[in-house]
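Next up is a structure, given as structure tokens.
Only the coordinates and a few stated rules stand behind these numbers; no lab work does. Computed from a predicted structure; not experimentally measured. Cβ coordinates were reconstructed from backbone atoms using ideal geometry, including for glycine residues, and neighbour counts include every protein chain displayed.
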């Protein structure tokens, strides 16, 4: 965390890091209080909220010969962390008067529309996330807040490595991507910077694919 802070400050940015459980009500309240105080003392406003929580249970929905299947607690935790938390953070920011004329992005995946091995709970959470994006985009128009989901192509990350049979997903992505390579974090980051500009104010309630055309190819 400190290394990241130093790198960003070296680029001339002011950095405030808050390390904790983003799905915790108490952590969210404490963090938003600190954000409000920081904005008040230093000026400025909150222009972008990026929701990217990759913490859920990867297992089958029904029992198999090799496992017991997902539990109620695991299923509800996956939905709460990966989908419901978007609503909680967005709602609380609005109620605190911190989110206006801004952009909200939520990270989804192609798995929201597919059946992958042991991905059922996460797939359902991603589908719910996309539904929340559409609804929030409608409800926050008065605050001039746009809400969009970002569907990145297959990207080498620690989260990808935890998906069962991830090597098969990588191989499939490489075979069908028009650029014959995986999506990189830099691909997604530069696109998000562009999408955060004032000229994108009419782009709302979408699932935006940042994958080089990967998901459009068979």
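Please work out the FRET efficiency for the pair residue 92 and residue 179, using the Cβ-Cβ distance as r and a Förster radius of 30 Å; give the result to the nearest 0.05.
Values: r = 39 Å, r/R0 = 1.31.
Efficiency at R0 = 30 Å is approximately 0.15.
Once every DSSP H run of n ≥ 4 in the chain is given -39500 (n - 2.57) and the sum is divided by its residues, what mean residue ellipticity at 222 nm do you get, rounded to the nearest 500 deg cm²/dmol?
On the way: 8 runs with 91 residues, N = 218.
Helices in the chain give a 222 nm mean residue ellipticity of -13000 deg cm²/dmol.
Only bridges whose two residues both fall in the chain count here: according to DSSP, what percent of them are antiparallel, nearest 5? Provide the component values of the computation, followed by the final result.
On the way: 1 of 17 bridges.
The antiparallel fraction comes to roughly 5 percent.
Quick one: angle between helix 25-42 and the longest Cα principal axis of the chain, in degrees between 0 and 90, rounded to 10, please.
40 degrees
Order of 41-48, 107-114 by packing, highest average Cβ count within 10 Å first? Spell out each step's value before the answer.
On the way: 41-48: 10.5, 107-114: 19.5.
Highest-to-lowest ranking by the protection proxy: 107-114, 41-48.
Just need the relative contact order of the chain here, percent rounded to a whole number, with Cα pairs under 8 Å and 6+ apart. Intermediate values should be presented prior to the final figure.
Values: 307 pairs, mean separation 40.2, N = 218.
Taking the mean separation of contacting Cα pairs over the length of the chain, I get 18 percent.
Ok, one more. Using the alpha-carbon atoms, what tilt in degrees (0 to 90, nearest 10) does helix 120-139 show relative to the longest principal axis of the chain?
30 degrees
What does segment 82-159 give for Rg and for Dmax, in Å, if only its C-alpha atoms count?
When restricted to the Cα atoms of segment 82-159, Rg and Dmax are 13.7, 42 Å.
Also, quick follow-up: Measure nothing but the geometry: give the 0 to 90° angle between the long axis through the Cα atoms of 185-195 and the longest principal axis through the Cα atoms of the chain, rounded to 10°.
For helix 185-195, the angle is close to 50 degrees.
Using mean Cβ contacts within 10 Å as the protection proxy, how do 121-133, 137-149, 197-209 order, highest first? If you can, show how the numbers build up before the last one.
Details: 121-133: 21.2, 137-149: 17.8, 197-209: 13.4.
Ranked by mean Cβ neighbours within 10 Å, highest first: 121-133, 137-149, 197-209.
What whole number of Å gives the distance from the Cα centroid of segment 2-61 to the Cα centroid of segment 156-189?
26 Å
Next question, about the same structure. If one puts a single equal scatterer on every Cα of segment 1-44 and applies the Debye formula without solvent, what log₁₀ I(q)/I(0) results at q = 0.23, 0.24, 0.25, 0.28 Å⁻¹?
The calculated log intensity ratios at q = 0.23, 0.24, 0.25, 0.28 Å⁻¹ are -0.89, -0.92, -0.94, -0.98.
Let me ask something else. Give the peptides 65-71, 154-160 in descending order of average Cβ contacts within 10 Å, highest first.
Numbers: 65-71: 11.0, 154-160: 15.1.
Highest mean packing first, the order is 154-160, 65-71.
Compute the normalised compactness of the chain: alpha-carbon radius of gyration over 2.2 N^0.38 Å, N being the residue count. Mind showing how you got there, number by number?
Numbers: Rg = 18.3 Å, N = 218, 2.2 N^0.38 = 17.0 Å.
Relative to the 2.2 N^0.38 Å estimate, the chain comes out at 1.07.
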